[in-house]
Amino acid sequence: MVAFVLWTLVVWATRIDNIAFDDGLDTAGKATRMALAFSFVAFAVVTLAWAGRERRGGLRPCTIYLVGPFAAWTVLVWVVRGTGILIDDHEVAFKVVHAVLATVSIALALAAVLALHRSQASAAAPLRAPTPAARG
């Protein structure tokens, strides 16, 4: 989960910097792009803050329930954005870079969700005494 959060912060903080210094964008263009980027930064910061506070006693449901929508938003945006980038008239290098960003972002999002589900399942599993056959 931490890798997913940190990756997201790096990717979208870089995007915010690119938007801020893009003279080709008007105010509305900057505002809409910034809103999208800040949605990711907000998800990442809140997730990191909650996860950091909860480390000792395990994750509270609020963090667990936040990661699912965060991951879903990541997958949705990158599928839509990545498809648009691939079919638009961009240079090959631009397409490759964004395909890599999309692939890593989606993979980390899915890995975070799977890790949380595994963590929840192992925490919920009751401790069992070994069966007589297993004592051997």
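Are there any pairs with C-beta distances below 7 angstrom linking a residue in segment 62-87 that is over 16 Å from Val5 (Cα atoms) to a residue that is among the basic types (Lys, Arg) and modelled with pLDDT of 95 or more, with the two at least 6 apart or on different chains, and if so which?
Close Cβ pairs satisfying both conditions: Ile85/Lys95; Leu86/Lys95.
Keeping to segment 57-67, report how many residues are surrounded by 17 or more Cβ atoms within 10 Å (Cβ to Cβ) and modelled with pLDDT under 85.
Going through segment 57-67 one residue at a time, the tally reaches 3.
Kindly establish whether Thr131 is more than 17 Å from Met1 (Cα to Cα), modelled with pLDDT of 90 or more, loosely packed, with under 13 Cβ neighbours inside 10 Å and polar (S, T, N, Q).
Judged against the criteria, Thr131 is not a match.
How many of the residues in segment 60-89 are within 21 Å of Thr47 (Cβ to Cβ) and assigned to a helix (DSSP H, G or I)? Can you show your working first?
Taking segment 60-89 as the starting set, the residues that turn out to be within 21 Å of Thr47 (Cβ to Cβ) are 60-79, 81.
With assigned to a helix (DSSP H, G or I) added as a condition, the list becomes 61-79, 81.
Residues flagged as within 21 Å of Thr47 (Cβ to Cβ) and assigned to a helix (DSSP H, G or I) within segment 60-89 amount to 20.
Return the pair list, or none, for Cβ contacts closer than 8 Å from residues in segment 95-122 that are touching a residue at least 60 places away in the same chain (Cβ under 8 Å) and over 11 Å from Met1 (Cβ atoms) to residues that are surrounded by 14 or more Cβ atoms within 10 Å (Cβ to Cβ) and of a type in the set (Phe, Trp, Tyr), at least 6 apart or on different chains.
As it stands, the answer is Leu101/Trp78; Val104/Trp7; Ser105/Trp7; Ser105/Trp78, since those pairs meet every condition given.
Anything in segment 1-56 that is surrounded by 13 or more Cβ atoms within 10 Å (Cβ to Cβ) and among the aromatic types (Phe, Trp, Tyr)? List them, or say none.
Phe4, Trp7, Trp12, Phe38, Phe40, Phe43, Trp50
In segment 78-114, how many residues are modelled with pLDDT of 95 or more and buried (at least 17 other Cβ atoms within 10 Å of the Cβ)?
Count: 10.
The values are calculated or read from the model by the stated rules, or taken from the named source; none is laboratory data. On a predicted model such as this, the values are computed, not experimentally measured, just so you know. Positions of Cβ are backbone-derived with ideal geometry, glycine not excepted, and every protein chain shown enters the neighbour counts.
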